[in-house]
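Worksheet: the structure to be examined is printed underneath.
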Amino acid sequence: MDWSRLKSIFIIAFLTLDVFLLSQLLNKERINQLEVKMDVSLEESLKNDDIDYSSIPKETFADHYMSANTKTFTDEELEKLNNQTINSTDRTMIQSELKTPVKIGKNFDTSELDQFIKNEVLFGEQYVFGYHDETAGIITYFQKHQEKPFFINKSASLEFTVTKSGEVQSYKQTMLEKIEPISEKEEVLPAIRAVEAIYRNGLMKPGSKVVEAKLGYYTVVNMEATQVLTPTWCIVVEHEKEKEQLLVNAFEGQIIEVNPGDEEKVKLE
């Protein structure tokens, strides 16, 4: 065997590997420098437009794509609902008429319904306040998973009807179950990237303030009994005392187009 030639081959191979690794390192450094410049550019742009985003979380989060099934309520579960007249034709939605209405004040506070939800609603601890539509007389709670709400999901909500006299007389409940990850856990885009997506798309006016950035889930595939959900940022922007809620895919960074009429249904307070 020609050891001299073999030695030369190994030397050339290692040199080639070193050059490749060096080029990768330099390329990574260039990308990091570019990202820093982009961050500075974004920071300067937001500052020039007098946009306050100081309240958004700075930490990083990791999550999965999730799957979930529509829950079918059982007879045993429905029998636990006292002082209510229950109508549940297909068992995926509970429609309840309260025998004793719950009185709420003119300026609704969630504490006015907390006790009722805790004691009289199935799995009430799995819901979080979403929004109060005073015009329609509707108070909606979103189901949550690991403290993350399901935004605008008709299969995962608790909807109370309020009369003109300020009484909750009925509610509808839907729920997801068997909520499981279907992908490897990976880091989601930080909140500032969701703010950037909104700003770059011209959806944030000068003088605006980002008052909240909440991480939850939004349905990307909705079949009859199963859903696929993606981590989603809900960014609440205030401008001249008017609030707007926008959803941003937390993995891919795109603005999620909400169906007309549903814009207010993402609100969290």
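The values are calculated or read from the model by the stated rules, or taken from the named source; none is laboratory data. What you see is a predicted model; the values in this text were computed from it and never measured. Note that each Cβ is placed from the backbone with ideal geometry, even for glycine, and that neighbours are counted across all protein chains shown.
Quick notes on this one:
- No other residue among Glu180, Glu167, Glu196, Glu184 is over 15 Å from the mean Cα position of the chain (by Cα) and at pLDDT 95 or above apart from Glu180.
- Within segment 66-102, no residue satisfies the criterion of being on the phi > 0 side of the Ramachandran plot, of a type in the set (Lys, Arg) and over 30 Å from the mean Cα position of the chain (by Cα).
- Leu98 being among the aliphatic types (A, V, I, L, M), under 22 Å from Thr72 (Cα atoms), in a strand (DSSP E or B) and touching a helix residue (DSSP H, G or I) at 6+ places or on another chain (Cβ under 9 Å): yes
A quick yes/no check of all residues on (1) of a type in the set (Ser, Thr, Tyr); (2) over 30 Å from Arg200 (Cα atoms); (3) at pLDDT below 90:
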position: Trp3; (1), (2), (3): no, yes, yes
position: Ser55; (1), (2), (3): yes, no, no
position: Met93; (1), (2), (3): no, yes, no
position: Ser96; (1), (2), (3): yes, yes, no
position: Phe108; (1), (2), (3): no, yes, yes
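- Unmet requirement for Asn82, which otherwise passes all of (1) without any contact (Cβ under 8 Å) to a residue 40 or more places away in the chain; (2) of a type outside the set (A, V, I, L, M); (3) crowded, with 18+ Cβ neighbours inside 10 Å: (3)
- Being touching a Leu at 6+ places or on another chain (Cβ under 7 Å), touching a residue at least 40 places away in the same chain (Cβ under 8 Å) and not small (Gly, Ala, Ser) is a property that Val121 has.
- Ser55 meets all of the listed conditions (1) outside any strand (DSSP E or B); (2) buried (at least 18 other Cβ atoms within 10 Å of the Cβ) but one, namely (2).
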